[in-house]
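Read the structure below first, then the notes.
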Amino acid sequence: MAPPGTRRQGGRGAGGTREFLGLGPAPDADAAKLGAPTYKENCGACHGETGRGSQGPNLVRSTVVLHDEKGEEIGPIITKGRPQAGMPAFPALKPEDIYNISQYLHMQVELVANRGTYGQSYGTLRSQTSSITSPVKRAMFPCSCMETSPLPARSFPGTFPRY
């Protein structure tokens, strides 16, 4: 146990992962949900629906997004645009819209980079998909391992599942 007032090294918690990856504070999940439709309506066509790039650059890997915490870095770019790069300005967006968009982008970074919260982020989805018992799934994965594991059984070249 580390002495009081000192930091423990080598921890495996989400906080240690965030610090190791250089991520800022955890995103505000409620604001991210509110920011998703605003982002998709105003930014998604150029930057992709999840910020991973399309015509415009990938925002998940953007240093501006990574250095931003509450919209203070992203906000001026959104309101003024980057005309030299082809990005229009969005001066009509309110400060709370910009904050919500920033939290949505931070959530996308979180989902890509922070394996420490992987189970929390995808736990619901994993539980929903692992309970599917369709005839196709049973035919593809006849072993009982699919009952307990959400991961598909691995097949190797020259081996086929038994039906």
* Residues located in region 58-88, provided they are surrounded by fewer than 19 Cβ atoms within 10 Å (Cβ to Cβ) and assigned to a loop (DSSP other than H, G, I, E, B) -> Asn58, Arg61, Glu69, Lys70, Glu72, Glu73, Gly81, Gly86, Pro88
* Might you check whether a residue that is assigned to a helix (DSSP H, G or I), in contact with a helix residue (DSSP H, G or I) (Cβ under 8 Å, 6 or more places away or on another chain), crowded, with 17+ Cβ neighbours inside 10 Å and at pLDDT 95 or above occurs anywhere in region 19-31? => yes
* List the number of the failed condition for Lys94; all other conditions in (1) of a type outside the set (Asp, Glu); (2) at pLDDT 95 or above; (3) in contact with a helix residue (DSSP H, G or I) (Cβ under 6 Å, 6 or more places away or on another chain) hold. => (3)
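Please specify each residue of region 51-79 satisfying the condition of being in contact with a Pro (Cβ under 8 Å, 6 or more places away or on another chain) and over 17 Å from Leu23 (Cα atoms).
Answer for region 51-79, where residues must be in contact with a Pro (Cβ under 8 Å, 6 or more places away or on another chain) and over 17 Å from Leu23 (Cα atoms): Gly75, Thr79.
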* Hey, among Lys40, Lys33, which residue is basic (Lys, Arg) and within 14 Å of Tyr99 (Cβ to Cβ)? -> Lys33
* Could you count how many residues in region 34-93 are within 15 Å of Val112 (Cβ to Cβ) and basic (Lys, Arg)? -> 2
* So how many residues does region 36-57 have that are hydrophobic (A, V, I, L, M, F, W, C) and surrounded by fewer than 17 Cβ atoms within 10 Å (Cβ to Cβ)? -> 2
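The values are calculated or read from the model by the stated rules, or taken from the named source; none is laboratory data. All figures in this text were calculated on a predicted structure; none of them were measured in a lab. Don't worry about glycine lacking a Cβ; one is built from the backbone with ideal geometry, like all the others, and counts go over all protein chains shown.
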